Amino acid sequence: MARKKIALIGAGNIGGELANQLVQKQLGDVVLFDIPQKEGVAKGKALDLEQASALSGADAKVSGTSNWADVAGADVLIITAGIPRKPGQSRDDLVASNLPIIRDVADNAKKFAPNAFSIVVSNPLDAMVYEFQRRTGFPSAKVAGMAGALDSARYQLFLAREAGVSVKDVRTLVLGGHGDDMVPIASATTINGIPVDRLISKEKLDAIIARTRTGGGEIVTLMGTSAYYAPAAGAIAMAEAYLLDQKRLLAAATLLSGQYGYKDLYLGVPVVIGGGGVEKIVDISLTGDEKAALEKSAASVRKVVDVVKSVA
Ligand SMILES: NC(=O)c1ccc[n+]([C@@H]2O[C@H](COP(=O)([O-])OP(=O)(O)OC[C@H]3O[C@@H](n4cnc5c(N)ncnc54)[C@H](O)[C@@H]3O)[C@@H](O)[C@H]2O)c1
């Protein structure tokens with residue numbers, strides 16, 4: 001049986017780290033795609049990773065290209081094409097630069113990889129994944145946005161450090177848009193089943209939630225560009241769930257058709273990802289406060305989507 005083919009659209013910081021994690025996990029052969037001006041970078045990273053795999057013993061192939069024909073027949077597309085934030089910028093400031101890029105990627109994805117499970121990472125995430133699905137016309141089950149996995153992981157880490165327990169024992173769910181008004185769901189936050197508020201004080205919890213919400217910005221301020229190790233790990237969790245039919249329940253941006261009271265909107269909610277893509281949207285009941293926070297977050301996403309829709 002041939003190995004699965006995973007195409008990474010964008011061979012920048014996240015693209016390179018995605019390729020690294022895919023090779024280490026041996027999830028399939030990897031194609032690192034970038035624009036012609038960056039073809040050397042894509043090819044160079046591919047070669048470097050293949051040489052590393054000679055040491056680690058991984059057999060998966062990695063290639064770099066700027067030719068969409070090399071992406072043909074991909075089983076999974078992970079899209080990071082676009083510009084990342086610089087200090088002082090919000091994700092929404094990236095619409096002007098990243099909208100033409102996502103449209104270009106969508107047109108080529110439709111032509112060359114119509115059967116892939118597509119995971120969009122480019123920001124502003126919820127609007128870019130919306131536009132990618134709208135423009136390709138791919139079934140919404142085959143197009144998801146990566147944000148909830150990352151935001152939930154950040155929350156999980158901060159809680160584990162505060163409680164002095166392993167990250168493995170912390171369960172979190174962060175819903176809503178991938179912006180500073182994302183919604184950590186307190187009722188779904190436990191430490192090995194123990195409600196988190198029994199182990200962490202309200203003041204500490206509030207501070208952790210605030211840090212989670214601005215977790216991306218904290219790293220942009222430190223590095224001058226966006227995070228890439230954890231964003232790559234978030235997208236890998238989704239790709240792995242699809243490729244290995246794991247039926248994982250994760251937070252991911254998905255197209256809503258009435259769930260949580262929203263329609264025609266990509267928003268982060270709990271979904272089950274397996275071999276069919278987004279196989280199920282899990283519609284849990286929320287508290288009044290959680291609903292209000294989700295509404296605020298959805299309104300922010302809708303504002304950006306409206307801008308996207310208004311650009312011909
Ligand atoms: N969803 C999330 O949680 C999350 C987290 C971090 C970063 N991001 C976003 O992911 C994106 C990528 O971040 P990065 O740090 O890897 O940026 P980067 O600049 O290192 O890499 C982006 C790459 O995209 C390439 N590119 C531009 N136009 C393209 C096109 N038309 N086709 C193919 N490739 C193209 C660029 O040449 C560049 O190599 C940014 O928009 C960033 O804001 C999202």
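The values are calculated or read from the model by the stated rules, or taken from the named source; none is laboratory data. Because the structure is a prediction, the values reported are computed rather than measured. As a convention, Cβ positions derive from the backbone with ideal geometry for all residues, glycine included, and neighbour counts pool all protein chains shown. Quick note on the areas: whole protein, heavy atoms, side chains included, nothing else; ligands and nucleic acids left out. Shrake-Rupley method; radii C 1.70, N 1.55, O 1.52, S 1.80 Å.
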Fill in: For the stretch 175-229, accessible area per residue (1.4 Å probe, heavy atoms of protein chains only), Å²
51 Å²
Discussion item. At 1.4 Å probe size, with the rest of the protein present, what percent of the exposed accessible area of the stretch 40-144 is carbon and sulfur atoms?
Written reply: 52 percent
Worksheet item: Under the classification rounded if a/c is under 1.5, otherwise prolate if a/b is larger than b/c and oblate if not, where does the stretch 188-312 fall, given a ≥ b ≥ c as square roots of the Cα gyration tensor eigenvalues?
Response: rounded
Discussion item. If you restrict to DSSP beta bridges whose two residues both lie in the chain, what percentage is antiparallel, to the nearest 5?
Written reply: 50 percent
Discussion item. Can you tally the net charge around Gly40? Count Lys and Arg as +1, Asp and Glu as -1, for every other residue whose Cβ sits under 14 Å from the Cβ of Gly40.
Written reply: 0
Worksheet item: Could you give the accessible area per residue of the stretch 53-152, probe 1.4 Å, as a whole number in Å²?
Response: 36 Å²
